[in-house]
1. Please determine, by comparing only the residues of segment 47-81 that are part of a loop (DSSP other than H, G, I, E, B) and of a type in the set (D, E, K, R), which one is surrounded by the most Cβ atoms within 10 Å (Cβ to Cβ).
2. Pro58 versus (1) out of contact with any Leu (no Cβ under 8 Å at 6 or more places or on another chain); (2) modelled with pLDDT of 95 or more: which is the lone unmet condition?
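The values are calculated or read from the model by the stated rules, or taken from the named source; none is laboratory data. Keep in mind that this is a model prediction, so the values were computed, not measured. With ideal geometry, Cβ positions are generated from the backbone for all residues, glycine too; neighbour counts draw on all protein chains shown.
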Amino acid sequence: MGYPSDLTDAEWALIEQHFQPRDRRGSASLHPRKRIVDTILYGVKSGCQWRMLPNDFPPWQTVYDHFSRWNKRAVWEAAVD
């Protein structure tokens, strides 16, 4: 299911390199990075609290963890430059 806040494939292609996984264990992510970014954008645009994300999104804890790590690494700033 898509939301108006979702990135298009063309938009994602422009910023995808900034969201490369840094998992030292080498394990595959359970949720695609684009889905995590789309969920974060939904929360920002809608003002939704993390714990109140709709059920069709990844778990809020997963989304918040990615948001927090990317924020600490200034990924968001790099993606919009």
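1. Filtering segment 47-81 down to residues part of a loop (DSSP other than H, G, I, E, B) leaves 47-49, 53-59, 73-74, 81.
Now restrict to residues that are of a type in the set (D, E, K, R): 56, 73, 81.
On the way: Asp56: 8, Arg73: 12, Asp81: 8.
Per the stated criteria, the residue is Arg73.
2. Every listed condition holds for Pro58 apart from (1).
Residue-wise test of (1) modelled with pLDDT of 95 or more; (2) outside any helix (DSSP H, G or I).
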residue: Pro4; (1), (2): yes, yes
residue: Trp12; (1), (2): yes, no
residue: Gln17; (1), (2): no, no
residue: Ala28; (1), (2): no, yes
residue: Tyr42; (1), (2): yes, no
residue: Lys45; (1), (2): yes, no
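Each row is one residue, and each column tells you yes or no for (1) within 22 Å of Gly2 (Cβ to Cβ); (2) among the hydrophobic types (A, V, I, L, M, F, W, C).
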site: Pro32; (1), (2): yes, no
site: Arg35; (1), (2): yes, no
site: Gly43; (1), (2): yes, no
site: Gly47; (1), (2): yes, no
site: Arg51; (1), (2): no, no
site: Asn55; (1), (2): yes, no
site: Phe67; (1), (2): yes, yes
site: Glu77; (1), (2): no, no
